[in-house]
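Following: one structure in structure tokens, then a few remarks.
The values are calculated or read from the model by the stated rules, or taken from the named source; none is laboratory data. Remember, predicted model here, so these are calculated numbers, not experimental data. Glycine also receives a Cβ, built like all others from the backbone with ideal geometry; neighbour counts cover every protein chain displayed. Quick note on the areas: whole protein, heavy atoms, side chains included, nothing else; ligands and nucleic acids left out. Shrake-Rupley method; radii C 1.70, N 1.55, O 1.52, S 1.80 Å.
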Amino acid sequence: QVQLVESGGGLVQAGGSLRLSCAASERSYAMAWFRQAPGKDREFVAAILWSAGFTVHADSVKGRLTISRDYANNTVLLQMNSLKTEDTAVYYCAAKTGSSYFSYLRYGYNYDYWGQGTQVTVSS
């Protein structure tokens, strides 16, 4: 059982920055961030392979949101810059324990464990 604890959410003005953290009880094959805005479906944000460090980002966040890992501390980060009001959502960290095609990491059903979520609100 992998425990995931997110932190770092909050209220920020448009154009500002936040950094989300996800502390994992153990390393997995891959970790990801998803988000869900009110009234909308859950959306893939970014994923990273623990060992190799390869990353993939949703087109909507490329160049603004960046996933990385702190290997020594079993923590996955999401650096969020140039935030927009449409980035407002609950952000969830997820862990996948088994291997997978890299392209499948965009799909939430591939992940085995989820955090409780952290709210990010971007005001205009």
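Before I look further, what does the chain give for accessible area per residue, probe 1.4 Å, in whole square angstrom? Per-residue accessible area for the chain comes out at 50 Å². Sites listed here are GluC sites (Glu not before Pro) in the stretch 1-62 whose DSSP assignment is loop and whose Cβ has at most 12 other Cβ atoms within 10 Å: 26. Residues in the stretch 95-103 carry Karplus couplings, in order, of 10, 10, 8, x, 6, 7, 4, 4, 5 Hz; the curve used is 6.51 cos²θ - 1.76 cosθ + 1.60 with θ = phi - 60°, and Gly or Pro positions show x. Expressed per residue, the C-alpha convex hull volume of the stretch 58-124 stands at 114 Å³.
A Förster radius of 35 Å combined with the Cβ-Cβ distance from residue 40 to residue 71 puts the calculated FRET efficiency at roughly 0.60.
Close amide H partners of residue 45, meaning residues 5 or more places away or on another chain with modelled amide H under 5 Å apart, are 33, 34, 35.
Considering only 32, 52, 95, the mean-square fluctuation computed in a Gaussian network model of the chain, springs between alpha carbons under 10 angstrom, is largest for 52. Both radii come from the Cα set of the chain: Rg as radius of gyration, Rh as Kirkwood radius; their ratio Rg/Rh reads 0.94. For the chain, with all protein chains in place and a probe radius of 1.4 Å, 46% of the accessible heavy-atom surface sits on carbon or sulfur. Cα extents for the stretch 1-52 along the principal axes, largest to smallest and rounded to whole angstrom: 34, 23, 22.
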